[in-house]
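Here is the structure we will look at, set down as structure tokens.
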Amino acid sequence: MATCPSGHQSASDDYCDVCGTLIGAAVLAPFAQAPGSVPAQAPGGVSPAEGACPRCGIPRVGQFCESCGFDFNAELPPQAELPPQAEPSPPIAPSPPIAPSLPIPSSATADGATWTIVVTADRAYYDSVQDAGGPDAATIGFPAYCPERRFRLAGAEVRVGRRSESRGIHPEIDLTGPPADPGVSRLHVVLVSAPDGTWSVVDPGSANGTLVNGDEVPAGEAVRLRDGDVIHLGAWTALRVTSG
């Protein structure tokens, strides 16, 4: 492998097979003139015959001059190298659109108030259930101790009932206990929020029904709640609504 004066690696050791430049001190035999042809004139004389090398006047044979290596197809002299072209920069991918932030569930209403459910055991309600009788009323006792529990309302809905692993029920307000009110259904009521921040209670069809301030809640109907309302369910459970 030879190297031409222009720095190209050439498989031929006489003329560069890239640019045609003469390599080393190679000597060419005189070009045989065809009988009757007009001999070419050397550079500096008259213009060479048509098809002759403009550099040395040798008649053209092929792409490169057999004497000086001139490239007949090139616009620039073979020794001149074109400046390297910079590789185009890869296109910049557009940034993905920023997804809008989702609102964080909050227990605050439109006017800044918060809603809370306070769970207690109501002795007066228990006595009214006992007075009304029932097949199991005599077997249900009032709990000796029932700590007060508070639940902040948040999100679109809040389920109230007793946890059931077999049925996949995990209410946000879990009244499983202890103490456990046997009259509370697994999914007893659902508290539903409105766009204005208020809440309503829906009984989806509990076994023992639901009362709001002593009035029965029709199954499947939403009853709007207000600050101070009391929801009764089961045998003695009371849910007091507070907003503020």
>> Can you list residue pairs whose Cβ atoms sit under 9 Å apart, with the first residue in the stretch 139-165 being of a type in the set (D, E, K, R) and the second being part of a loop (DSSP other than H, G, I, E, B) and open to solvent by 70 Å² or more (accessible area, probe 1.4 Å)? Count only pairs 6 or more apart in sequence or on different chains.
In response: 157/172; 159/170; 159/172; 162/186; 163/170; 163/186
> Is at least one residue of the stretch 123-138 in a loop (DSSP other than H, G, I, E, B), surrounded by 14 or more Cβ atoms within 10 Å (Cβ to Cβ), more than 37 Å from the chain's Cα centre (by Cα) and not aromatic (Phe, Trp, Tyr)?
Replying inline: no
> Which number in (1) assigned to a loop (DSSP other than H, G, I, E, B); (2) under 16 Å from residue 184 (Cα atoms); (3) aliphatic (A, V, I, L, M) marks the one condition that residue 119 misses?
Replying inline: (1)
> residue 99 fails exactly one of the following numbered conditions: (1) of a type outside the set (Val, Ile, Thr); (2) open to solvent by 50 Å² or more (accessible area, probe 1.4 Å); (3) at pLDDT 95 or above. What is the number of that condition?
Replying inline: (3)
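Report those strands (runs of 3 or more DSSP E) wholly inside the stretch 163-244 carrying at least 1 residues which are open to solvent by 80 Å² or more (accessible area, probe 1.4 Å) and not aliphatic (A, V, I, L, M). Give the steps one after another, and end with the answer.
Working: elements: 187-193, 199-202, 210-212, 222-224, 230-233, 237-243.
Here the list reads 222-224, 237-243.
The values are calculated or read from the model by the stated rules, or taken from the named source; none is laboratory data. Since we're looking at a predicted model, the values are computed, not measured. Note: ideal-geometry Cβ built from the backbone for every residue, glycine included; neighbour counts use all protein chains shown. Note: accessible area is taken over every heavy atom of the protein model, side chains too, but ligands, DNA and RNA are not part of it. Shrake-Rupley method; radii C 1.70, N 1.55, O 1.52, S 1.80 Å.
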